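Take a look at the structure below.
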Amino acid sequence: MSRQEPFAAMDYAGLFAAIVNSVDAAVISKTLDGRILSWNPAAERIFGWTAKEMIGQSIRLIIPEERQSEEDDILARVERGENSIQLRTERIRKDGTLVHLEIMVSPVKDREGRIIGASKIGRDVTREVETRRALNAAETRFRLMADNIAQLAWIADAKGWMFWYNKRWFDYTGTTQQDVEGNGWRDQIHPDHVERVEAHVARCLKEGVEWEDTFPIRAADGTYGWFLSRAVPLRDKSGDIVCWFGTATDITERRAAERQIELLLMEVNHRSRNLLTVVQSLAERTAEHSEDFLPRLRERIAGLAANQDVLVKRNWRQVPLSELVDAQLAFLEDRLTQVERDGPDVIIQPGAAESLSMALHEMATNAEKYGALSVPEGRVTIRWRIEPGQGEPRFVLTWEESGGPAVTPPTQRGFGSRVIEDVPARKLRADVECSYDPGGFRFSLACPVSHVFEM
């Protein structure tokens with residue numbers, strides 16, 4: 001028997017029925033009023049109703065209420081003779097669930113060419129629709145995440161061609177997709193870094209390894225911010241690179257903070273060296289000119305420490321003179337009632353604070369031991385002011401003692417005299433005068449305000 005013999009023994013109607021019953025899509029025929037004439041096995045499987053249950057029923061039985069108008073439109077188009085009416089829609093299964101269909105409807109004609117019904121082929125696309133929905137949901141979640149993270153982000157193909165950027169990138173750079181697609185990102189990198197970054201990117205692409213670099217990226221306003229950028233290759237199951245995902249984190253503030261810390265450490269180192277030099281000088285000079293070496297050294301170091309406390313508290317900036325005076329006189333305790341001070345609220349430089357604090361502490365120590373503060377009736381008056389000068393105003397500070405023991409000029413200039421006179425004169429380029437009148441010791445300092453104040 002030849003291969004054609006089975007078909008030869010079968011009439012055309014039987015052959016058509018066999019074809020319809022073997023396809024995987026629902027094949028349904030109906031009259032122009034929607035009454036079902038045929039219902040193939042695939043329709044039984046897709047919808048859950050048997051042919052016996054459905055033939056003679058209205059096709060509207062499987063159409064959701066909100067989609068009934070679709071059937072009106074389909075029948076109207078069939079009657080007009082339209083061929084291959086296609087749409088994606090939903091229909092009802094026997095169990096009440098919905099099935100997603102891709103359907104094609106065509107008119108059925110009799111021998112005279114009159115339209116007498118319609119045939120419908122319906123392919124179940126439920127899994128496809130659900131997959132697409134899942135992909136859309138995943139894409140939506142990805143976009144929500146990618147567009148709201150703090151980093152700039154991008155995706156490139158396996159060869160490094162940039163084809164996607166997140167919203168944060170466009171907001172920061174002010175660019176469009178067209179501007180930066182492909183290799184357009186290079187225009188956003190600071191010119192001094194483009195060649196180096198490109199070479200690094202090319203090497204990582206070639207070797208298929210993670211990429212990391214730090215460089216400035218231009219913002220929409222034309223300024224540059226520093227970014228830590230990273231990219232990782234995403235691979236398929238066989239290990240081939242599918243794409244690259246990268247991010248750039250703004251580290252401008254962190255970089256500035258690190259630089260500030262570095263500068264502060266350098267400043268601390270510098271000031272520590274200076275402070276050690278001062279302490280060494282204090283020790284040497286005190287030993288040369290004092291029989292009570294240790295007590296005097298402790299006092300002078302205490303005065304230096306009080307000054308450092310004020311400077312540290314003020315971050316080595318904006319030191320109020322009144323606060324400095326209080327710190328240097330604090331050791332007087334009960335004798336503070338014998339001290340009067342008066343002057344405007346002024347801010348002095350750290351360097352000036354060191355010189356003035358040492359002089360003030362030395363004078364306070366001397367007054368307590370030998371001068372006005374060594375007796376209850378003694379008084380000390382500290383005043384500072386700003387007065388006109390030639391070209392630049394001058395800062396004037398005075399220390400006056402009264403009511404104490406009779407004063408006699410020192411027979412020799414010791415280290416204390418150098419602290420009171422020479423240090424301020426040299427460091428502040430000031431005119432310093434000390435008077436040893438019998439009625440009380442008097443100190444006067446005058447210098448340009450720019451040598452003392454924060455300008």
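The values are calculated or read from the model by the stated rules, or taken from the named source; none is laboratory data. The structure displayed is predicted, hence computed values, not measured ones. Here Cβ is always computed from backbone atoms with ideal geometry, including for glycine, and neighbour counts include all displayed protein chains. Heads up: the accessible areas ignore ligands, DNA and RNA and are worked out on the full protein's heavy atoms, side chains in. Shrake-Rupley method; radii C 1.70, N 1.55, O 1.52, S 1.80 Å.
With every protein chain left in place, what is the accessible area per residue of region 30-115 in square angstrom, probe 1.4 Å?
Each residue of region 30-115 exposes 55 Å² on average to a 1.4 Å probe.
Across bins of 5 angstrom width beginning at 0, how are the C-alpha pair distances of region 25-125 distributed, in whole percent? Per 5 Å bin, starting at 0, the Cα pair percentages come out as 3, 14, 25, 29, 19, 8, 3, 1, 0. Seen from every direction in turn and averaged, the convex hull around the alpha carbons of region 318-421 projects onto 7.6 nm². Taken per residue, the accessible surface of region 188-265 reaches 63 Å², heavy atoms only and a 1.4 Å probe. Shown for region 157-257: the carbon plus sulfur share of the solvent-accessible area, taken with all protein chains present and a 1.4 angstrom probe, equals 51%. Sites listed here are trypsin sites (Lys or Arg not before Pro) in region 141-172 whose DSSP assignment is loop and whose Cβ has at most 12 other Cβ atoms within 10 Å: Lys159.
Mind ranking 327-333, 69-75, 127-133 by how tightly packed they are, going by the mean number of other C-beta atoms within 10 angstrom, highest first?
327-333, 69-75, 127-133
Working from the Cα coordinates of region 382-455, the gyration tensor eigenvalues give, after taking √(5λ), semi-axes of 26, 15, 9 Å in decreasing order. The share of accessible area on region 357-411 that comes from carbon and sulfur is 53 percent, using a 1.4 angstrom probe. Residue by residue, region 236-247 carries 3J(HN,Hα) couplings of 8, 5, 7, x, 6, 6, 8, 7, 10, 10, x, 9 Hz when phi is fed to the Karplus relation 6.51 cos²θ - 1.76 cosθ + 1.60 (θ = phi - 60°); x denotes Gly or Pro. Computed from the Kirkwood radius of its Cα pairs, the Stokes-Einstein diffusion coefficient for region 148-212 at 37 °C and 0.692 mPa s stands at 261 µm²/s. Taking 0.36 nm per residue of separation and subtracting the current Cα-Cα distance, fully stretching the chain between Lys167 and Ile55 would add 34.7 nm. Database remark: amide H of Gly389 closer than 5 angstrom to the amide H of Arg394 (H placed geometrically; neighbours at sequence offset of 5 or more, or on other chains; Pro and chain starts carry no H). How about Lys52: which lysines have a C-alpha closer than 21 Å to its C-alpha, ignoring those fewer than 8 places off in the same chain? Candidates past the 8-residue exclusion: Lys30, Lys94, Lys120. What region 349-455 shows is 46 Å² of accessible area per residue, with the surface traced by a 1.4 Å probe over protein heavy atoms.
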